[in-house]
Amino acid sequence: MKFKIFILISILYTLFFTGCAKRYSYPNYDIIKPKITCKPKRKNIEKLLKEYLNKPYVWAEEGPHAFDCSGLTYNIYGQMGVEIPRVAREQAKVGQYVPPNGLTYGDLIFFGSQNIHSTRITHVGIYLSDGWFAHASSKDRKVTYTNFQEEPQYLKRMKLCRRYLSEDERSLYMTCNGKLTPMKTTTTRHTTPWQPNMKVPRKIPRR
């Protein structure tokens with residue numbers, strides 16, 4: 001009898017907490033704030049990137065099962081306790097400016113169109129080394145590594161580079177270089193992220 005009561009309570013508990021979360025619908029523009037799991041260290045960026053490699057690209061997702069480009073950077077830095085904006089154009093306003101020839105592991109690279117006169121930011125990646133960077137690619141439909149020599153169009157699209165974590169890992173550069181749009185975050189208790197058993201949407205919606 002006690003076992004049956006325990007099972008009933010467990011079911012009701014599960015239904016209560018899953019019932020609180022809004023069911024997933026594409027695209028999910030709710031911003032799920034990642035839990036802090038580690039310190040701001042380059043080895044932790046590397047660890048998280050390896051964990052997320054080949055995860056599917058899904059517009060407006062910030063993990064843990066799928067990402068868009070800025071969702072990946074938001075999640076990785078957020079797990080290290082570094083609060084950055086959610087979208088690429090806002091992330092590009094925060095941090096220390098870095099010239100392309102001064103990039104180090106963990107710096108963010110922001111991309112736009114190949115029009116040299118355009119300053120619009122449409123994509124972001126995490127620099128690794130030797131011309132390699134990691135990003136959630138809408139073309140490859142997954143989190144992947146790309147090299148500038150193999151895909152030189154990214155060099156033509158590069159607009160800006162930013163550093164949040166100092167080279168000695170003792171400081172954070174969070175100076176704002178423009179007006180930031182306020183963002184409201186939530187948790188998985190209130191909204192459901194994309195799940196591995198769901199279809200991967202191929203069409204990116206217009207906003």
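Using the scaling law 2.2 N^0.38 Å as the reference, what is the normalised Cα Rg of segment 108-207? Relative to the rule-of-thumb radius for its length, segment 108-207 sits at 1.30. Ordering 48, 117, 178 by the projection of their Cα atoms onto the charge dipole of segment 24-186, which places +1 on the Cβ of Lys and Arg and -1 on the Cβ of Asp and Glu, puts 178 at the extreme positive end.
Using C-alpha pairs under 8 Å with a sequence gap of at least 6, the mean separation divided by the residue count of segment 24-186 gives a relative contact order of 26 percent. Annotation for segment 84-130: trypsin sites (Lys or Arg not before Pro) lying in DSSP loop with at most 14 further Cβ atoms inside 10 Å of their Cβ are 120. Of 135, 190, the sequence from fewest to most neighbouring Cβ atoms within 10 angstrom is 190, 135.
Per-residue Cβ neighbour counts within 10 Å put 68, 107, 30, 130 in the sequence 130, 30, 107, 68, beginning with the fewest. Spin-label model, residue 117/residue 177: points 7 Å from Cα along the beta carbon direction are separated by 2.3 nm.
Rounded to the nearest 20, the Cβ-based charge dipole of the chain about its Cα centre (Lys and Arg +1, Asp and Glu -1) stands at 780 debye. By definition, a body whose alpha carbon gyration tensor gives a ≥ b ≥ c is rounded when a/c is under 1.5, and segment 24-186 falls into this rounded group.
A short reminder: the numbers here are calculations on the coordinates, not readings from a lab. Because the structure is predicted, anything quoted here is derived from the model rather than measured. Note that each Cβ is placed from the backbone with ideal geometry, even for glycine, and that neighbours are counted across all protein chains shown.
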